Amino acid sequence: MTETLQKKYLPEGSLLGSVSNFEYLSSERGLERAIADGAIVEAIATSCDGARNLTVDLGCMKGIIRRCDAALVMPGEALKDIAVISRVGKAVCFKVLSICEDEHGRPYALLSRKSAQEECMRAFLGDLIAGDIIDARVTHLEHFGAFVDIGCGVPSLLSIDCISVSRISHPRDRFFVGMPIRVVIKSIDAESGRIFVTHKELLGTWEENASRFSIGQTVMGQVRSVEEYGVFVELSPNLAGLAEYHEGVKVGGAAAVYIKNIIPERMKIKLVIIDGAKGCEPPSRLEYFIPQETEHIDLWRYSPESNSRVIETRFN
């Protein structure tokens, strides 16, 4: 994988403000140049008719994406209507196929989102291996995980257990729709071509997260679980500590906690809840511990070397 390919096949919405995208959409001549260049361009889908054909606002003229060109589908699957109508109001990528005239002699452009996605799969996603790190954008949240766009609208599933080490009750606790994130290729189904991703490996090891806190410090955290033996409070997405039960705390609520002890060899942080707040904190910008220029990892070990319990991810 190269950085050049990564920048060319970004999640939908990434090209909207680019100079090259504007130049392609600025005039009929620009669209003709997009055809000649085989360029992938982006614009907003404004409507969908009864036949599930998308209308796209190109600025200089109207664009049409026919239902058959609206999305790439995996072998043995059929294109669902929701995959088309859900694009209305959002950025869509496409290749310009031709410029035509309607019955009134007005020009319009025939576009194909499917062609852009096919190129993305062939030239970029198809060459990825487990451990590769790429950009993604959250498109949909379900209780079992988040669907993300990993390039040109190609979807991938990020299961809830792979979002962070700290357990969450729903992906909305960590993400919001439209949120740009980074992900690691977890596995690729050779038969279907489906790509699955993970995320927690980018959020730091136990030691990296724990080093940001110190004994005697009082900080804000978020309650993730209330058990008979105590309350788990998240200090960061990959780090949580255990406190004794405190009346009034609720899962999802914020809490002020005193850090009583940090024990690396047991991978434990002991907390005391000072005060519990009722309000739920919205997802905040994530901090990644992997440098932006890193494109691949083979091994990620979460647990400290001093801990006998090994928690790691091996990519192969």
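The values are calculated or read from the model by the stated rules, or taken from the named source; none is laboratory data. Model, not experiment: these values are computed from the prediction. All Cβ positions, glycine included, derive from the backbone under ideal geometry; neighbour counts span all protein chains shown. Note: accessible area is taken over every heavy atom of the protein model, side chains too, but ligands, DNA and RNA are not part of it. Shrake-Rupley method; radii C 1.70, N 1.55, O 1.52, S 1.80 Å.
Summary of computed values
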item	result
Check on residue 229, surrounded by fewer than 17 Cβ atoms within 10 Å (Cβ to Cβ), at pLDDT 95 or above and either among the aliphatic types (A, V, I, L, M) or farther than 24 Å from residue 153 by Cα (or both)	no
Checking residue 190 against (1) open to solvent by 30 Å² or more (accessible area, probe 1.4 Å); (2) more than 23 Å from residue 272 (Cβ to Cβ); (3) assigned to a strand (DSSP E or B), the condition it does not meet	(3)
Residue match in segment 237-246 (condition: closer than 21 Å to residue 169 by Cβ, out of contact with any helix residue (DSSP H, G or I) (no Cβ under 6 Å at 6 or more places or on another chain), surrounded by fewer than 16 Cβ atoms within 10 Å (Cβ to Cβ) and not aliphatic (A, V, I, L, M))	yes
The listed residue being assigned to a helix (DSSP H, G or I) and buried (at least 20 other Cβ atoms within 10 Å of the Cβ), out of 109, 116	116
Residues within segment 56-79 that are open to solvent by 30 Å² or more (accessible area, probe 1.4 Å), farther than 30 Å from residue 189 by Cα and not acidic (Asp, Glu), tallied	4
Answer from 90, 95 - the residue that is closer than 18 Å to residue 30 by Cα and either at pLDDT 95 or above or among the polar types (S, T, N, Q) (or both)	95
Boolean, residue 11 is in a loop (DSSP other than H, G, I, E, B), open to solvent by less than 40 Å² (accessible area, probe 1.4 Å) and touching a residue at least 60 places away in the same chain (Cβ under 8 Å)	yes
Filtered residues of segment 119-144 (kept if under 21 Å from residue 93 (Cα atoms), open to solvent by 50 Å² or more (accessible area, probe 1.4 Å) and not basic (Lys, Arg))	126, 127, 139, 140
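For every residue, the table says whether it meets (1) free of Cβ contacts under 8 Å to residues at least 40 places away in the same chain; (2) assigned to a strand (DSSP E or B); (3) among the aromatic types (Phe, Trp, Tyr).
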residue	(1), (2), (3)
201	no, no, no
204	no, no, no
219	no, yes, no
222	no, yes, no
255	yes, yes, no
